[in-house]
Structures are given as structure tokens and as C-alpha cells.
1. Return the sequence-ordered ³J(HN,Hα) values of region 141-147 in whole Hz as given by the Karplus equation 6.51 cos²θ - 1.76 cosθ + 1.60 applied to θ = phi - 60°, using x for Gly and Pro.
2. I need the peptides 102-110, 309-317 ranked by packing, meaning the mean over residues of other C-beta atoms within 10 angstrom, with the highest value on top.
3. Between Phe188 and residues 5 or more places away or on another chain, which pairs have amide H atoms under 5 Å apart, with H built 1.01 Å from N, and which residues are they?
4. At a 10 Å Cβ-Cβ cut-off, how would you order Phe119, Phe228, fewest neighbours first?
5. Need one number: nm distance between label points at Arg137 and Ser300, each 7 Å from Cα along Cα→Cβ, rounded to one decimal.
6. Under 5 Å between amide H atoms, partner at least 5 residues away or on a different chain: which partners does Lys264 have, H built in plane at 1.01 Å?
7. Under 4 °C and 1.567 mPa s, how fast does region 77-122 diffuse according to Stokes-Einstein, given a Kirkwood radius computed over C-alpha pairs? Answer in µm²/s, whole number.
8. I need the phi-derived Karplus couplings for region 198-210: 6.51 cos²θ - 1.76 cosθ + 1.60, θ = phi - 60°, integer Hz, Gly and Pro marked x.
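Since every read-out is calculated from the coordinates, none of them should be taken as a lab result. As the structure is a computational prediction, the values presented were derived from the model and not from experiment. No Cβ is skipped: glycine too gets one built from the backbone with ideal geometry, and neighbour counts run over all protein chains shown.
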Amino acid sequence: MANVHIHSSWRLKDSEVTPESVYVNRREFVKRVGGGAILTAASSACGIDGQAEAQQQGPLDNIPDTPTANLYPEAVRDPRFTVGDRHPGISTEEVVATYNNFYEFGTDKGGVWRNVAPFEARPWEIEVGGLVENPGRYDLVELERAFQLEERIYRHRCVERWSVVVPWIGFPLAHLLNKVEPKHDAGFVNFITFNRPDQAFGQKTQTWYRWPYYESIRIDEAMNELAFVVTGMYGHPLQKQNGAPVRIHLPWKYGYKSPKSIVKIEFTATAGPTFWHDLQPAEYGYYSNVDPDVPHPRWSQAQEEIVGTGDRIPTLPFNGYGEWVGELYGGVVTPPGDVPHAP
Ligand code: MTE
């Protein structure tokens, strides 16, 4: 893959990052239906039109049309958020758009962008429900126009140890919460993403995952200044492979806590389920704050590798955002009871 160099000796293979139970199920599935059947299922999900379109399109050609596109070049960068000392600079868009985790479109990080053509990411609504004063369906275009879009450079760290630095565009999650007004007994914010097996072949063929992808955070985490609703990147609306048209980004947590292409936000009194924790409870915690001192059960988290350069740098607690979020957890990066446990 152009511009992306990860040392093969250090890079985690798909079989290493995938929970064993899932991996075994997948092997059984392959045995049951045969590799050829999987290929057929994958290509028929993409459809002939989708494949032809994908061949014509490059990784940077996956921006859905929207009447709000003109707002993005105008978004002003918030100077409080910088690259930081450890990274050499902002990652190129080509790197960020060609190295993705978005299992709805396959597990090959370098190939996600090739599979997103059939996904219709606009127009889009977000349903808001549960313990909230103003439930309803919110049109994304109206939200983009209602809130001042701003650009924030955030470091983005995956649990698999790779990292990038991205100029996201969007608005604070707190602004949305203030608009919809959670009730006083709402303690948690739950995110549910799209479920369209006809447009996302992974949802059709990878039946061992519990689609749609879902996540949950505490309401005080959601109200934190860092919690960001992302609708754009690099001066334009989001590329489909990066979670168009709307995703969350929580830069102090591992990337899997930042769901892509959300369709529903639900407020509850107790914590909602989370996709990776449900699949492998011993490996993926609820909080999942970036923590160099708590290894994943199958690999260390002490270092991370910058996608695009291959440089390895030390991991920082809370991914370097401790001054913003440390007080949410009394300064403890991995709260007691969260998994994985320190050895
Ligand atoms: N959201 C959905 N809907 N599906 C996914 O597979 N993967 C998560 C997160 N959000 C994922 C998702 C993981 S593991 C990571 S690291 C980030 O998205 C990757 O975001 P990126 O591809 O924009 O870098």
C-alpha cells in the first residue's frame, strides 16, 4: 500500500487482533461454506455496479455529496489541539483514508476504501431517544448548520498499536447533548450505527459479529470538552471509509470506542453494551482509556507505531490528553474492574 509502511515483524496480523472466539468461528464458517462461497458472497454484496465504481474511484473519492460541503473549508482550527511532541506532524489524508478499521466493509485495513462505494451515506438522520427531553429524528444537515463547525487536530490511537494524527472537523458532543437535553437520571450515552447488509458486505458475510456496531460512554465523558462529533476531515466532509457522514471521536480512548456512521443515540440510566466487550469480555473494557501500563492480553501497549512512517513512539496515558480527562477517573487511567486487568 502506497505510503504506508508498518514493520512486518511488529505489525499485528488479523488473526492476532481478532478475538480467538471470533477467529475460530470464522474458520468454522469458512469450512462450512467453503472459501469460494465467501468470495462469491463478498462480490455479490458489492454488486457489479459497486465494483465498477470502486475501480474508477481512488481512496480520496469517497466523499458523499451534501449541500453543507461549502461549510468545511471555512471551519476554523481550534488552536488548543495540536499534534503534540511525539508525532512528526499531521498524517497525510492518503494514509488516513487507506488504513482503516471498519469491519462492515471487510477486515483488510488497506482495502476498506475499495468496498465503500455501495454505501449511501447521505442524506442522513440521527435518532435520539431514551431518557431525553427532546427525542426525535435530527437531520444531519440541520445539525451541521446549527453548530459552528471547527477543526481539531486529534491523535488517533488504535488498540492494535497503530496511530495517526487527523484534522477532524465537527462540533463538541456537549453541544448536541445540550440541544437534546438528557433527563437528570440519564447516566450513559449509547451509540448505534447503521445496519445495511446490502450496502456493507461485511454485515452480510461476517455473521459472527453482532451487527450493528454499538458503543457506550458515561454522560460526563460525553460532556467532556474533548468528546467530538466528527462530520469532516482535511477541509471537507468525511470520507466514507472514515465513518461518513457522522462518527464520534474520543482521542483519549482506544479507537474502537469511536463508532463510525452512527444512526442512533440513546440515553440510559445504566451502561449500555459495547461491541468489542461483548465479543471478548476479557480483552476489551468499557472505559478502554489508552494506557501504556496495561497490556492487551496478547500484546504490549507500551509503544505505538505511526502509520505512514513506521516510527515507534512511547504510548502516553490517556493518549497524552490526561489534563483534559484525568479528573473523570480520579487520575486512574484504567479504572478498577475495567478489563483487561493489569497483570
Ligand atoms: N465503527 C464502526 N461502525 N465499525 C468499526 O469496525 N472500528 C473502530 C472505530 N469505529 C469500527 C468503528 C476501530 S477498531 C477503530 S481503530 C477506528 O474506528 C478506526 O477509525 P479510522 O479507520 O477512521 O482510523
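1. These are the phi-based 3J(HN,Hα) values: 4, 5, 5, 4, 7, 6, 9 Hz.
2. 102-110, 309-317
3. Ile219, Thr268
4. Ascending number of Cβ neighbours within 10 Å: Phe119, Phe228.
5. For Arg137 paired with Ser300, the spin-label model returns 5.2 nm.
6. Under 5 Å from the amide H of Lys264 lie the amide H atoms of Glu127, Ile192, each far enough along the sequence or on another chain.
7. D = 101 µm²/s.
8. Values, residue by residue: 6, 10, 10, 4, x, 6, 8, 9, 9, 6, 6, 8, 8 Hz.
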